[in-house]
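A short write-up of the structure that comes next.
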Amino acid sequence: MSTITTPLRFHPVYQPYIWGGEKLRSRLGRTDTPEGIVAESWEISSREDGMGVVSEGVHSGKTFQALLKEDAGGLLGRRVKKDDFPLLIKVLDAAKTLSVQVHPNDETAAKFGGEAKTETWYILEADPGACVYCGIQNGVSPEQFRAAIADNTLEPLLKKIPVKAGDAIFVPGGRVHAIASGCLLLEVQQNSNTTYRIYDWGRVDAQGQGRQLHIDQALQVSIFEEEGSALTPAKPLSPLAGLPREQIMISPYFLLEKLSLDCQASLPGNPESFQVLFAIDGDLEVSSGGEAVKVPAGSSVLIPAAAPATDVKALSGAMHFMRITQP
């Protein structure tokens with residue numbers, strides 16, 4: 001069995017949800033999007049409902065699933081206990097406000113079903129006045145919450161957080177949330193697609209029908225009393241390969257670090273975990289295993305755990321990139 005050591009770029013899987021817009025084309029320069037609304041780009045996905053396919057290099061045309069069958073250990077690293085990619089990494093363009101929703105956590109998924117989903121949002125761009133909703137105001141009871149859904153007065157019961165580029169928001173399973181219009185963001189989440197829609201702002205289709213709600217399931221998994229803010233400040237870390245670094249988010253499921261790069265560097269191999277690099281604000285060249293790929297600003301590459309040292313080079317001047325690993 002061969003060991004996979006080259007950087008892996010995947011064709012994005014685009015999703016045309018009703019709240020999407022056109023910023024993936026206009027702001028990120030994506031030329032491969034379908035016509036019309038584009039809400040999400042599934043950047044790194046091993047899911048059957050959005051399977052990644054390698055876009056270039058020696059493994060071009062192979063699905064992520066096929067690569068995992070070939071060399072799951074070499075791809076994922078020692079910290080991943082299953083032979084599947086544990087995350088789903090996306091870019092979202094919220095031209096309209098998303099529904100108010102919630103996902104189960106590990107405990108409630110085991111009890112009530114569905115896939116657990118904890119996620120983090122990193123704001124890439126935010127229109128003036130942009131915000132997110134994340135959490136329920138303290139003192140609100142499930143009965144009050146259900147009544148507010150019924151009479152379209154839910155918004156005041158939600159915690160509203162103004163956001164700007166560079167902000168990070170933590171959304172553990174069980175935290176009720178919605179991304180408001182004007183946010184372009186990177187989302188890192190558990191490998192899950194279970195969403196319980198609670199409230200859709202009274203939206204209806206051309207036939208006057210609203211989207212399906214899942215209120216009973218949502219109330220089973222929602223957390224009603226939480227302290228603190230979902231907005232999480234960055235934490236300085238020691239440099240990696242000489243590059244300034246800060247911790248954006250750490251959870252049991254993922255670690256996000258933001259690194260600054262003005263020329264080039266060699267990232268050490270990491271047999272414990274895969275590394276996903278996301279180019280935040282400049283083009284990046286990534287080389288390992290004898291192969292180099294270009295990672296344009298606003299896109300991603302997967303570095304296998306079996307890769308030796310990985311060279312990174314800034315192609316358009318000083319820039320930042322996100323490094324996503326297992327904690």
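Only residues that are crowded, with 16+ Cβ neighbours inside 10 Å and either among the basic types (K, R) or touching a Gly at 6+ places or on another chain (Cβ under 9 Å) (or both): list them for the stretch 314-327, please.
Initial filter on the stretch 314-327 (crowded, with 16+ Cβ neighbours inside 10 Å): 314, 319-326.
A314, M319, H320, F321, R323, T325, Q326 - these are the residues of the stretch 314-327 that are crowded, with 16+ Cβ neighbours inside 10 Å and either among the basic types (K, R) or touching a Gly at 6+ places or on another chain (Cβ under 9 Å) (or both).
Scanning the stretch 274-291 for residues that are assigned to a strand (DSSP E or B), of a type in the set (A, V, I, L, M, F, W, C) and closer than 16 Å to A314 by Cα returns L277, F278, A279, L284, V286.
Among the residues making up the stretch 111-129, those that are more than 18 Å from P172 (Cβ to Cβ) and part of a loop (DSSP other than H, G, I, E, B) are G113, D127, P128, G129. Is it fair to say I18 is buried (at least 16 other Cβ atoms within 10 Å of the Cβ) and among the β-branched types (V, I, T)? Against the criterion (buried (at least 16 other Cβ atoms within 10 Å of the Cβ) and among the β-branched types (V, I, T)), I18 does not qualify. The set of residues in the stretch 130-143 that are in a loop (DSSP other than H, G, I, E, B) and either of a type in the set (G, A, S) or within 22 Å of the chain's Cα centre (by Cα) (or both) comprises A130, G139, S141.
Taken together, G317, G228, G298 contain a single residue that is small (G, A, S), at pLDDT 95 or above, part of a loop (DSSP other than H, G, I, E, B) and within 23 Å of I123 (Cβ to Cβ), which is G298.
Selection of the stretch 21-73 for residues being over 19 Å from the mean Cα position of the chain (by Cα) and among the hydroxyl-bearing types (S, T, Y) yields S26, T31, S55, S60, T63. A count restricted to the stretch 199-239 and to residues that are of a type in the set (S, T, Y) and touching a Phe, Trp or Tyr at 6+ places or on another chain (Cβ under 6 Å) stands at 1. Within the stretch 257-287, the set of residues being within 24 Å of the chain's Cα centre (by Cα) and hydroxyl-bearing (S, T, Y) comprises S260, S273, S287.
Among the residues making up the stretch 298-325, those that are closer than 19 Å to E246 by Cα and among the aliphatic types (A, V, I, L, M) are V312, A314, A318, M319, M322, I324. If you go through the stretch 285-327 and keep only what is farther than 22 Å from P12 by Cα and of a type in the set (S, T, Y), you end up with T310, S316.
The values are calculated or read from the model by the stated rules, or taken from the named source; none is laboratory data. It should be emphasised that the depicted structure is a prediction, and the values quoted were computed from it without experimental measurement. Note that each Cβ is placed from the backbone with ideal geometry, even for glycine, and that neighbours are counted across all protein chains shown.
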